[in-house]
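Notes follow once the structure below has been shown.
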Amino acid sequence: MSRLLVTGGAGFIGSNFVHHWLRHHPSDPVVVLDALTYAGNRANLDLVQHDPRLTFIAGDIADTGQVEELLRSQRIDTVVHFAAESHVDRSIHGPDAFVQTNVVGTHSLLKAARKVWVAEGRAPEHRFHHVSTDEVYGSLGPADPGFSETTAYAPNSPYSATKAASDHLVRAYHHTFGLKVTTSNCSNNYGPYHFPEKLIPLMIVNILHGRALPVYGDGRNVRDWLHVSDHCRGIELILARGRVGEVYNIGGGTECENIYLVQTLCRIAEETFAREPDLRQTYPDCPASLGQAIAGLITYVTDRAGHDRRYAIDYGKIKSELGYQALVALEAGLRTTFEWYLANPTWWRAVMDGSYRDWIAANYSR
């Protein structure tokens with residue numbers, strides 16, 4: 001039995017991981033530490049809020065003393081570190097918060113884990129798992145092979161630079177202080193509870209309301225899409241059988257251009273509205289309710305500063321060593337994600353407050 005501390009466990013990927021872990025590990029208690037920076041995050045755990053195995057703590061990972069006390073009082077032996085500022089556009093407009101959370105916050109966790117687990121000897125068998133991103137590797141050309149664990153770091157945004165710094169700190173605490181760590185670098189995630197500032201949920205919500213579908217530049221940027229459930233299984237495998245001190249890339253094996261992704265969502269929405277005509281009453285402004293093509297909403301906007309052209313993950317290492325395989329095909333995953341947003345309007349409407357609308361206007365202007 002493991003006793004987990006999940007940082008950022010009320011966020012998008014973190015909350016999906018908490019749901020996954022509680023479902024598949026009935027004996028393991030889970031403590032969630034989350035600063036609740038964004039509106040709606042607490043609701044991500046509503047379905048498990050009464051589970052006696054779950055303890056929720058509102059707090060800051062940069063509060064080293066609080067983290068130390070949690071590790072002691074909850075007898076934590078495993079940290080799964082999701083907590084991060086993660087949106088590239090936000091990092092361009094306000095990089096300070098990214099340095100504070102991604103670098104200073106990660107270092108705070110490492111210091112606390114080293115003190116409690118190593119110096120005090122409270123958990124000789126422990127694991128600090130750090131969740132990172134493929135963006136630390138930079139950008140690929142059209143014919144380049146996917147990022148591997150030996151690809152040199154070349155971050156191009158304040159977000160990826162701060163994640164790269166945190167990756168190096170985790171590595172250093174293993175090699176210098178003997179902390180038992182693993183790191184995973186994932187490709188772009190999507191699925192339930194995804195905040196609507198990100199591409200896929202933004203497109204879904206705008207489709208439903210008949211709003212413009214903003215696409216950066218020429219729309220030809222390529223991403224490797226990973227369903228969040230596959231990501232959770234990958235981390236689970238690393239915790240169970242991953243080698244201490246190692247890095248594992250987790251990908252979905254589904255590269256596509258952004259414009260293809262948006263067009264696919266348009267088609268999925270049209271098919272769904274045709275199959276479920278009652279949706280026309282709920283979302284009267286959706287073009288599908290008016291007999292119009294949804295793709296007409298696609299609007300090309302000024303490209304993001306320093307926009308990486310292509311990401312792709314080579315997940316051969318985790319596949320060969322741990323038996324990982326991405327199970328969710330892209331179109332199937334997009335369909336279930338679209339259905340989730342249709343079924344959970346209360347959730348996404350709650351997070352789309354005035355500050356969110358101002359942010360969208362500032363970041364997706366023509």
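The values are calculated or read from the model by the stated rules, or taken from the named source; none is laboratory data. Owing to the predicted nature of the structure, the values given are computational and were not obtained by experimental measurement. Ideal geometry is used to build each Cβ from the backbone, glycine not excepted, and the neighbour counts take in all protein chains shown. Surface accessibility is based on the protein's heavy atoms, side chains included, excluding ligands, DNA and RNA. Shrake-Rupley method; radii C 1.70, N 1.55, O 1.52, S 1.80 Å.
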Principal axis dimensions, largest first and in whole angstrom, of the stretch 105-169 by Cα:
50, 23, 14
Counting Lys and Arg as +1 and Asp and Glu as -1, each charge on the Cβ, what is the dipole of the stretch 72-160 about the Cα centre in debye, to the nearest 20?
620
Among Gly245, Gly121, Gly253, the residue with the largest mean-square fluctuation in a Gaussian network model of the chain built from Cα contacts under 10 Å is Gly121
Taking the Cα centroid of the stretch 147-216 and of the stretch 82-97, what is the distance between the two, rounded to the nearest whole Å?
10
R0 = 35 Å: FRET efficiency of Thr176 with His50, Cβ-based, nearest 0.05?
0.25
Out of Ala113, Ala293, Ala62, any idea which swings most in a Gaussian network model of the chain, alpha carbons joined below 10 Å?
Ala293
Candidate values (i) 35, 23, 19; (ii) 38, 24, 20; (iii) 41, 23, 17, label of the one derived for semi-axes √(5λ) of the Cα gyration tensor in Å:
(i)
Exposure of Lys111 as accessible area (Å², to 10), given a probe of 1.4 Å and all protein chains:
90
With a 1.4 Å probe and every protein chain kept in, tell me what percent of the accessible surface of the chain is carbon plus sulfur.
51
Counting DSSP beta bridges with both ends in the chain, the antiparallel % (nearest 5):
10
Treating the stretch 1-147 as a set of equal point scatterers at the Cα positions, no solvent, please give the Debye-formula log₁₀ I(q)/I(0) at q = 0.11, 0.16, 0.18 Å⁻¹.
-0.45, -0.88, -1.06
How long is the gain from Gln292 to Glu276 if the chain were fully straight, where each residue apart is worth 0.36 nm and the alpha carbon distance is subtracted?
4.2 nm
For the chain, with every protein chain kept in place, what is the accessible area per residue (1.4 Å probe, Å²)?
40
Computed about the Cα centre, the charge dipole of the stretch 230-347 from +1 Lys/Arg and -1 Asp/Glu charges at the Cβ has a magnitude in debye, to the nearest 20, of 280
Cross-link reach list, aspartates and glutamates versus Lys198, counting only Cα pairs under 14 Å and skipping chain neighbours closer than eight places
Glu85, Asp89
Cut-off 16 Å (backbone N to label point 7 Å along Cα→Cβ of Ala154), residues of the stretch 83-102
none
